[in-house]
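The values are calculated or read from the model by the stated rules, or taken from the named source; none is laboratory data. If you're wondering where the values come from, they're calculated on a predicted model, not measured in any experiment. Note that each Cβ is placed from the backbone with ideal geometry, even for glycine, and that neighbours are counted across all protein chains shown. What goes into the accessible areas is simple: the full protein's heavy atoms, side chains included, and nothing from ligands, DNA or RNA. Shrake-Rupley method; radii C 1.70, N 1.55, O 1.52, S 1.80 Å.
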Amino acid sequence: MQFLYSIINRKKRISTLALMLLLAASAHAQNGHLKGFVKTSDGMPAAQVNVQLKEIKKGVISAEDGSYILSGIPEGRYTMVVSFVGLQTIQKPVEVTNDQTNSLDFTLVENETELAEIVVTASRSMNEKPVTIGKLPIKPMDLPQSVSIIGKDVLERQQVLRLSDALQNVTGVYLMGNTGGYQEEIAARGYAFGSSNTFKNGARYNNGAMPEMSGVEKIEFLKGGSAILFGNVAAGGIMNIITKKPKFERGGELSFRTGSYDFYKPSLDVYGALGNSKVAAYRLNTTYEKAGSFRDEVKSERFYINPSFLFKLGKKTELLVEGDYLKDDRTPDFGIGAIDYKLVDVPRSRFLGVNWGYNKAEQITSTATITHHLNSNWQLRGLVSYQDYDVELFGAARPASVSIKTDGTWARGLQKSKTKENYYIAQLDLSGKFQTGSVAHTLLFGADADKYRTVSNTYLMTEYNNNLSNASLKGKNIYDTINIFDPSTFNKRNDIPNLAIDRVTTSPILRYGIYVQDLVAISSKLKVLAGVRYSYQNNQQARVDSVAKGKTGYVAAYTSDAFSPRAGIVYQPWKNVSLFTSYTNTFAVNTGKDIYDQLLPASIIDQFEVGAKTDLFRGLLSTNVTLYKIINSNLAQTALTLSDGSLNSNSNIKELAGEVTSKGIEIDISTKSIQGVTILAGYSYNDTRYTKANNKSFHTGDRLRYNPAHTANAHIFYTFSPKTALRGFNMGLGTYYVGDRLAGRNPSTTSPTNKLMPLPDYFLFDISAGYAVNKFSVRLKMTNLLNKLSYNVHDDNSVNPIAPNQFAATVSYRL
């Protein structure tokens with residue numbers, strides 16, 4: 001396993017890519033491709049038209065400029081069906097040859113008799129799209145688990161800029177906080193998504209920086225228990241961000257987005273074959289973004305590039321090499337502050353930080369995935385990935401509720417931190433289908449290994465430099481004193497102190513796992529999914545260099561291991577109805593130490609789920625209902641106070657809160673395009689409470705912070721028919737509701753003065769419109785139409801207002 005790690009370490013990535021390119025140059029391709037344009041009889045592009053190969057039911061929907069592309073088609077003769085309600089259906093024979101791309105254009109004419117026909121659409125319902133993060137090609141109808149996928153069509157028509165925008169389409173997954181304005185903290189079913197629950201192209205990645213959405217193809221959510229597939233994941237579920245992939249046909253898009261508060265963002269997406277090669281293709285996404293903010297003095301700048309290559313290494317093997325680089329610089333912004341655990345009445349725009357503060361993050365990822373088809377039923381897939389994440393924060397301390405006086409006076413301190421993380425992962429999966437008599441099996445057998453190395457710097461906060469403007473402040477973490485109600489007191493001190501390093505902590509972690517899972521089709525109506533995983537984690541000896549004192553210490557190594565079982569039953573009384581129930585068990589390793597410098601034991605999480613999935617009216621309408629219950633035996637949370645009673649500011653010092661139970665219901669509704677109308681809606685209810693609290697820092701029956709009891713969403717999108725005068729136009733309307741939540745700090749026996757901070761619920765309304773002609777398109781969007789005010793809050797010290805109404809416009813040209 002160390003060999004796998006070594007071939008992808010940072011110093012050898014370039015040579016590794018060169019070797020892959022050399023191997024691919026002598027390989028052979030397979031499968032053919034079809035592309036072209038669909039127009040109406042008056043020569044206008046026809047969007048949302050169904051283009052399908054009848055024999056294999058493979059199809060796409062034409063884009064706004066009428067273009068379509070069908071890739072990866074086995075050699076043979078087919079019947080091409082092009083259809084749209086109200087227009088004449090065309091059926092045309094076509095021959096597909098390996099390594100060839102055929103161009104076929106179609107012109108549709110009006111035919112009123114077509115209105116009485118049922119047109120079979122090529123798009124798939126939400127219950128027909130398997131998630132790649134599930135590692136098996138199991139349709140959601142056969143999976144005893146709740147699944148959500150946000151595809152390219154939704155991301156584009158809603159003009160998604162941040163991950164939180166996409167979450168407004170996912171039932172039961174929500175933004176929990178926006179700490180510092182540089183990280184979107186996500187949660188589901190009452191539990192936070194840490195980096196262990198966040199994946200990109202199937203590999204874990206650090207979610208400390210907001211992911212770039214311009215290069216995203218789709219986002220997958222596998223809710224509930226997924227420990228069998230990846231081990232050591234939190235209870236709410238996992239998220240997989242899938243970036244855009246290479247294509248052999250040439251194309252792309254050049255776009256420019258601008259909007260409120262001096263926002264601008266040019267982007268480029270190009271793809272095609274490498275030269276005239278039929279065995280190698282590429283794709284390149286890149287974007288630059290610069291913006292101000294509705295928050296005074298807050299600004300941001302980021303650059304992103306995402307190259308990827310696809311190589312055909314023979315008729316049965318392909319290699320996908322992907323990499324990306326993100327540089328994100330922004331002003332750290334911990335919000336408007338709070339007084340005595342209450343929201344304060346200051347303008348939404350008021351910034352309490354220092355004007356020179358910064359949060360600088362750089363992230364590099366590289367992933368190589370090789371897929372080999374042993375035969376038509378069996379497949380071997382290997383993945384290796386490397387990630388480098390660096391972040392440095394320097395700015396004003398968080399305006400905690402207890403540090404701001406009732407008159408608004410705040411002795412403003414500073415905070416500085418620096419973290420560097422290297423992460424390696426290797427996975428190998430064997431999957432296939434076979435029969436034992438009349439019983440069908442879909443088997444997955446795999447193994448994986450992870451390696452982390454994290455280096456964290458902390459800084460001396462008591463003496464900033466030798467030229468303090470106020471000598472009486474020496475020895476205290478006080479930069480200056482302001483009044484949050486009086487902006488004239490801000491920025492009276494603008495120097496940037498030189499802080500010395502206090503301590504450097506180096507923490508290496510190794511994790512291994514092996515797993516097996518089988519979907520057993522006892523009959524066409526009854527299926528059973530069962531599996532088990534064995535996980536082993538070794539937190540190796542950590543080194544602590546106390547630079548200021550010239551000493552070195554060590555944290556003892558420790559190991560943890562566990563089996564994580566999974567079982568589920570699916571009953572399908574009819575082909576379009578699926579009833580399921582499941583149980584999973586998660587073994588969660590708790591990192592960090594308690595307030596007495598002792599290691600924390602692992603938490604055991606039991607999850608139960610039951611639900612129904614339906615595809616009605618031949619898949620035009622899909623409705624899913626899921627009920628769940630999650631029991632965490634001992635939830636680890638950041639300790640509020642230290643052993644001496646003082647406040648804790650170190651997130652690695654934790655305490656076990658006791659048993660926590662989350663239960664709720666989720667309802668999902670979606671439609672395919674019906675006369676140009678598409679609907680996506682959902683509702684969730686969640687109740688997460690301490691059910692057997694430790695009664696020292698948390699009380700039994702108390703509700704967990706940050707989690708809304710209710711969330712709901714509804715989006716409707718309409719595309720005008722190509723035969724109308726408004727052809728080329730589309731429009732959308734969306735609403736998103738977040739119920740009441742709690743922030744602040746839980747009152748307890750050890751901290752009786754703590755208080756919880758209620759946060760108001762809110763509705764957001766968005767509206768969008770677009771127009772496409774030939775290769776040009778324009779999209780407009782207005783968010784938070786009613787200018788609703790609410791907050792995302794972390795504890796009592798990062799009270800970040802949600803954005804007011806904002807305008808965005810995007811102009812695009814298809815290459």
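Tabulated data for the structure shown
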| item | result |
| --- | --- |
| Residues of the stretch 237-246 satisfying the condition of being part of a strand (DSSP E or B) and either among the basic types (Lys, Arg) or open to solvent by less than 10 Å² (accessible area, probe 1.4 Å) (or both) | Gly237, Ile238, Met239, Asn240, Ile241, Thr243 |
| One residue from Tyr791, Tyr771, Tyr736, Tyr762 being open to solvent by 60 Å² or more (accessible area, probe 1.4 Å), in contact with a strand residue (DSSP E or B) (Cβ under 8 Å, 6 or more places away or on another chain) and of a type in the set (Ser, Thr, Tyr) | Tyr771 |
| Entirely in the stretch 1-102, the strands (runs of 3 or more DSSP E) that have 2 or more residues that are at pLDDT 60 or above and either over 36 Å from the mean Cα position of the chain (by Cα) or closer than 26 Å to Thr369 by Cα (or both) | 32-40, 58-61, 67-73, 76-84, 87-96 |
| Unique match (being open to solvent by 20 Å² or more (accessible area, probe 1.4 Å) and more than 26 Å from the chain's Cα centre (by Cα)) among Ala447, Ala397 | Ala397 |
| Pick from the stretch 137-182, criterion among the small types (Gly, Ala, Ser) and open to solvent by less than 10 Å² (accessible area, probe 1.4 Å), ranking: farthest from Ile569 (Cα to Cα) | Gly180 |
| Long-range neighbours under 7 Å by Cβ, at least six apart or interchain, first residue touching a residue at least 60 places away in the same chain (Cβ under 8 Å) within the stretch 542-557, second surrounded by 10 or more Cβ atoms within 10 Å (Cβ to Cβ) and part of a loop (DSSP other than H, G, I, E, B) | Ala548/Leu460; Ala548/Ala500 |
| Residue selected from the stretch 400-437 under the condition hydroxyl-bearing (Ser, Thr, Tyr) and under 25 Å from Thr753 (Cα atoms), by the criterion most open to solvent (accessible area, probe 1.4 Å) | Thr406 |
| Any hit, the stretch 366-380, residues being among the aromatic types (Phe, Trp, Tyr), under 26 Å from the mean Cα position of the chain (by Cα) and open to solvent by 20 Å² or more (accessible area, probe 1.4 Å) | no |
| All positions within the stretch 184-204 that are of a type outside the set (Gly, Ala, Ser), assigned to a loop (DSSP other than H, G, I, E, B) and at pLDDT below 90 | Phe193 |
| Any hit, the stretch 222-236, residues being open to solvent by 10 Å² or more (accessible area, probe 1.4 Å) and under 28 Å from Asn306 (Cα atoms) | no |
| So Glu185, is it open to solvent by 10 Å² or more (accessible area, probe 1.4 Å), closer than 27 Å to Gln415 by Cβ and of a type in the set (D, E, K, R) | yes |
| Selected residue (criterion: farthest from Phe248 (Cα to Cα)) from residues of the stretch 301-334 that are out of contact with any Asp or Glu (no Cβ under 9 Å at 6 or more places or on another chain) and outside any loop (DSSP other than H, G, I, E, B) | Gly323 |
| Test for Val504: is it among the aliphatic types (A, V, I, L, M), touching a helix residue (DSSP H, G or I) at 6+ places or on another chain (Cβ under 8 Å) and at pLDDT 90 or above | no |
| Yes/no for Ser376 being of a type outside the set (D, E, K, R), without any contact (Cβ under 8 Å) to a residue 60 or more places away in the chain and over 30 Å from Pro508 (Cβ atoms) | yes |
| Of all residues making up the stretch 699-728, the number that are of a type in the set (A, V, I, L, M, F, W, C) and either modelled with pLDDT of 95 or more or over 30 Å from Leu780 (Cβ atoms) (or both) | 6 |
| Members of the stretch 65-97 found to be out of contact with any Lys or Arg (no Cβ under 9 Å at 6 or more places or on another chain), surrounded by fewer than 18 Cβ atoms within 10 Å (Cβ to Cβ) and in contact (Cβ under 8 Å) with a residue 60 or more places away in the chain, listed by number | Thr97 |
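Listed here are the residues, each with its yes/no results for (1) without any contact (Cβ under 8 Å) to a residue 60 or more places away in the chain; (2) touching a helix residue (DSSP H, G or I) at 6+ places or on another chain (Cβ under 8 Å); (3) not basic (Lys, Arg).
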{"site": "Lys152", "(1), (2), (3)": "no, no, no"}
{"site": "Arg157", "(1), (2), (3)": "no, no, no"}
{"site": "Arg162", "(1), (2), (3)": "yes, no, no"}
{"site": "Asp165", "(1), (2), (3)": "yes, no, yes"}
{"site": "Gln168", "(1), (2), (3)": "no, no, yes"}
{"site": "Glu185", "(1), (2), (3)": "no, yes, yes"}
{"site": "Arg189", "(1), (2), (3)": "no, no, no"}
{"site": "Phe199", "(1), (2), (3)": "no, yes, yes"}
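Every residue, every condition in (1) among the polar types (S, T, N, Q); (2) assigned to a strand (DSSP E or B); (3) in contact with a Pro (Cβ under 6 Å, 6 or more places away or on another chain), yes or no:
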{"residue": "Tyr389", "(1), (2), (3)": "no, yes, no"}
{"residue": "Gly395", "(1), (2), (3)": "no, yes, yes"}
{"residue": "Val402", "(1), (2), (3)": "no, no, no"}
{"residue": "Thr419", "(1), (2), (3)": "yes, yes, no"}
{"residue": "Asn422", "(1), (2), (3)": "yes, yes, no"}
{"residue": "Leu428", "(1), (2), (3)": "no, yes, no"}
{"residue": "Ser431", "(1), (2), (3)": "yes, yes, no"}
{"residue": "Ala440", "(1), (2), (3)": "no, yes, no"}
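Each row is one residue, and each column tells you yes or no for (1) on the phi > 0 side of the Ramachandran plot; (2) open to solvent by 60 Å² or more (accessible area, probe 1.4 Å); (3) touching a residue at least 40 places away in the same chain (Cβ under 8 Å); (4) not in a loop (DSSP other than H, G, I, E, B).
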residue	(1), (2), (3), (4)
Lys492	no, yes, no, no
Leu499	no, no, yes, no
Arg503	no, yes, yes, yes
Gly513	no, no, yes, yes
Val520	no, no, yes, yes
Lys527	no, no, yes, yes
Ala530	no, no, no, yes
Tyr534	no, yes, no, yes
